[in-house]
1. Report the per residue volume, in Å³, of the convex hull enclosing the C-alpha atoms of chain B.
2. Quick one: pull the percent of accessible area on the protein assembly as shown belonging to carbon and sulfur, 1.4 Å probe, ligands and nucleic acids left out.
3. Which FRET efficiency value, to the nearest 0.05, do you get for B:W127 and A:R70 by plugging their Cβ-Cβ distance into 1/(1 + (r/R0)^6) with R0 = 25 Å?
4. When ranked by the protection proxy of mean other Cβ atoms within 10 Å per residue, highest first, what sequence do the peptides A:93-104, B:56-67, A:25-36 form?
5. How compact and how long is the range B:1-49, expressed as Rg and Dmax of its alpha-carbon atoms in Å?
6. Counting only residues 5 or more places away or on other chains, whose amide H sits under 5 Å from the amide H of A:T33 once H atoms are built in the peptide plane?
7. Tell me the per residue accessible area of the protein assembly as shown using a 1.4 Å probe; a whole number in Å² is fine.
8. Taking a probe of 1.4 Å and counting only protein heavy atoms, give the total accessible area buried between chains B and A in Å², rounded to the nearest 100.
Amino acid sequence: MISFDPRSPIPPYEQVRAQLARQVQSGELAPGTRLPSVRRLAGDLGLAVNTVARAYRELEQAGLVATRGRNGTVVTGTDETRAVDAAAAYAATVRGLGLPRDRALEIVRAVLEAGPA
Amino acid sequence: MSEAAATWVTVGIWTGALLLAGASLGALGGARLEHRRAVRFAARCGLPGEVDAGLVRRVARRQRFVLAGVALGALASIATKGSIALIWGGLAVGALADQLASPAAPDGAPRVAHTTGTRLTDYVPGWLLGAVVAAFACSPLLALLWVLAPRGGVDADVPGTPGTEVAGLVAVAATALAGSLLLARFLVRRRQRVSSAADLATDDAFRAQAVRDALHLTAATSLAVAFALSLALHDPAVQGVARPVGGWAPIVLLLAAVAVGTVHEAGGGPRYWRGRLPVPA
């Protein structure tokens with residue numbers, strides 16, 4: 001749930017952005033969750049469409065949500081959730097290759113210690 | 001009894017039935033009845049928190065709108081000598097009117113909204129939508145059976161139901177389905193102008209109920225059309241398996257509708273939206 005208080009000194013777009021960002025970061029809004037359309041959320045909260053669009057744009061710039069055409073705006077997750085997704089994909093690959101668990105961990109350690117590519 | 005007298009008797013019976021229903025639903029006043037009805041509505045729909053005066057008023061108003069819609073539908077059915085499915089049309093119109101007249105948060109008040117995009121399947125289970133579409137599908141299937149049924153026997157030359165009438169019946173069922181789904185979609189997509197989590201939950205509960213009312217229209221129309229098509233399948237010239245299928249189809253459909261309604265209620269269908277649209281208690 002998201003709320004908007006017109007009497008708050010915090011600008012409306014920031015109220016929307018901050019609440020959505022907090023819910024994405026806490027995992028309350030899971031990756032893949034579809035947010036309401038800009039028009040719908042603006043109508044529900046009694047805000048201008050541009051205000052909600054600005055909040056969504058800033059969330060997109062922060063990498064927390066992504067706009068996917070007809071699917072609307074969906075939660076992409078935090079950096080940590082993206083790392084977990086990447087780790088899961090790596091685990092599936094090494095399992096498929098039949099690599100022993102210790103060797104798979106050694107590879108990760110070696111890559112991390114080698115520093116940025 | 002003359003036709004006019006029969007019509008007045010029907011109107012009298014309907015008026016009596018609606019007054020009785022209105023009294024038991026708390027739609028005709030009576031603080032205790034209204035409160036009891038609101039408590040039942042809250043329990044049935046899984047509304048969190050205490051039943052306050054606002055909810056009692058809202059439930060009573062919904063009952064009045066729905067009762068008025070049903071009365072209009074019954075009147076239309078009597079006046080046009082049409083199907084009793086019009087009563088469910090009236091129910092859907094009453095539910096829509098209640099939604100359109102629902103109180104909105106005043107300007108300048110805080111607002112709350114869902115953080116996820118809501119869709120029809122957040123308010124009613126997907127299987128219920130499937131059951132409604134399946135009820136509609138019986139109409140074109142029975143019509144197809146009527147088209148394919150072999151004709152013959154001693155009554156082969158007796159004129160049967162005209163093809164245009166059968167096509168018209170299928171068109172009526174299709175219109176009811178389209179109308180139900182469009183109305184349900186409209187109800188789900190309407191703005192939610194509420195100022196607290198409790199109001200948001202209440203609005204969701206009424207929305208879910210209105211969507212179910214809209215879907216009843218398809219179920220009732222499909223049943224009425226199935227009965228009419230079963231008569232067409234009993235045309236004197238119709239032979240073979242089509243005749244018994246035509247005889248049993250409306251009975252099976254009626255039993256299926258009762259079973260779907262029972263399973264939906266017993267399985268907590270009216271509370272389904274709570275799991276899909278969580279709102280802090």
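1. 146
2. Answer for the protein assembly as shown is 64 percent, counting heavy atoms of protein chains only.
3. 0.45
4. Working: A:93-104: 10.7, B:56-67: 21.5, A:25-36: 16.5.
Taking the mean over residues of other Cβ atoms within 10 Å, the ranking is B:56-67, A:25-36, A:93-104.
5. 16.5, 55
6. Amide H neighbours of A:T33, under 5 Å, 5+ apart: A:V75.
7. Spelled out: the 1.4 Å probe surface of the protein assembly as shown, per residue, equals 53 Å².
8. In total, this chain pair buries about 1600 Å².
The values are calculated or read from the model by the stated rules, or taken from the named source; none is laboratory data. Keep in mind that this is a model prediction, so the values were computed, not measured. Note: ideal-geometry Cβ built from the backbone for every residue, glycine included; neighbour counts use all protein chains shown. Just the protein is used for accessible areas: all its heavy atoms, side chains included, with ligands, DNA and RNA removed. Shrake-Rupley method; radii C 1.70, N 1.55, O 1.52, S 1.80 Å.
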